[in-house]
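Enquirer: Please read through the structure below; I'll follow up with questions.
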Amino acid sequence: MAISREKKKKILEDLKEKISKQKAIIFVDFTGLKVKDFSDLRKRLKSIGSELKVAKKTLMGIAFKKAKLEIEPKKLPGEIALVFGYKEEILPAKIVFQFSQENPNLKILGGVLENNFIEAEKIIELAKLPSREELLARLVGSISAPISNLTNVLEGNLRNLVYLFSQIKVSK
């Protein structure tokens, strides 16, 4: 179905605005994905402050050129959707990767991070990295481990002393 010139201009302006606000873009091929699954992915992305946008490859190419990004969407296979990460760079990749594991019809094709195109393998590697919160929790655990171990050792000596006194009391 042909799109009117006015509608194309509106889509192009919308894409330019989204590209200017983004921290990361992920290209996905959604060929064969059911509408219900597609809606589920949109909801998951919206919950983390990201967005999924479908547009024609030619309009994407024009929007990328105007944003001074060297990306050719026409070279990517299949039907393409763009996942825009506005708040975080890695969390949208995690959500899309997790969703692609559940739905094999969704394929990660690549992405844009720091205004450079990144291959799908790198996006998947990023998605497999632990989140910031997980890394901070590990750091706190590593820092507090020596202190908690020391308190356990000192408590052991006190416990043994109390046990010794209770045995003396029982024996008398």
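The values are calculated or read from the model by the stated rules, or taken from the named source; none is laboratory data. This is a predicted model, so every value here is computed, not measured. For neighbour counting, all protein chains shown are included, and Cβ atoms are generated from backbone atoms with ideal geometry for every residue, glycine included. For the accessible areas, the whole protein counts, side chains as well, though only heavy atoms, and no ligand, DNA or RNA atoms are used. Shrake-Rupley method; radii C 1.70, N 1.55, O 1.52, S 1.80 Å.
Enquirer: Of the numbered conditions (1) open to solvent by 90 Å² or more (accessible area, probe 1.4 Å); (2) at pLDDT below 85; (3) of a type in the set (D, E, K, R), Glu88 satisfies every one except a single condition; which is it?
Expert: In the conditions (1) open to solvent by 90 Å² or more (accessible area, probe 1.4 Å); (2) at pLDDT below 85; (3) of a type in the set (D, E, K, R), Glu88 misses (1) alone.
Enquirer: Looking for something farther than 17 Å from Asp29 by Cα, open to solvent by 10 Å² or more (accessible area, probe 1.4 Å) and touching a residue at least 24 places away in the same chain (Cβ under 8 Å) - is there at least one such residue anywhere in segment 75-83? Show your work before the answer.
Expert: Our first condition is that a residue be farther than 17 Å from Asp29 by Cα; within segment 75-83, this holds for none.
For segment 75-83, residues farther than 17 Å from Asp29 by Cα, open to solvent by 10 Å² or more (accessible area, probe 1.4 Å) and touching a residue at least 24 places away in the same chain (Cβ under 8 Å): absent.
Enquirer: Within segment 22-57, how many residues are over 24 Å from Pro104 (Cβ atoms), within 17 Å of the chain's Cα centre (by Cα) and open to solvent by 40 Å² or more (accessible area, probe 1.4 Å)?
Expert: Residues that pass the stated criteria total 1.
Enquirer: Any chance segment 58-74 includes a residue that's under 18 Å from Lys128 (Cα atoms), of a type outside the set (A, V, I, L, M, F, W, C) and open to solvent by 20 Å² or more (accessible area, probe 1.4 Å)?
Expert: no
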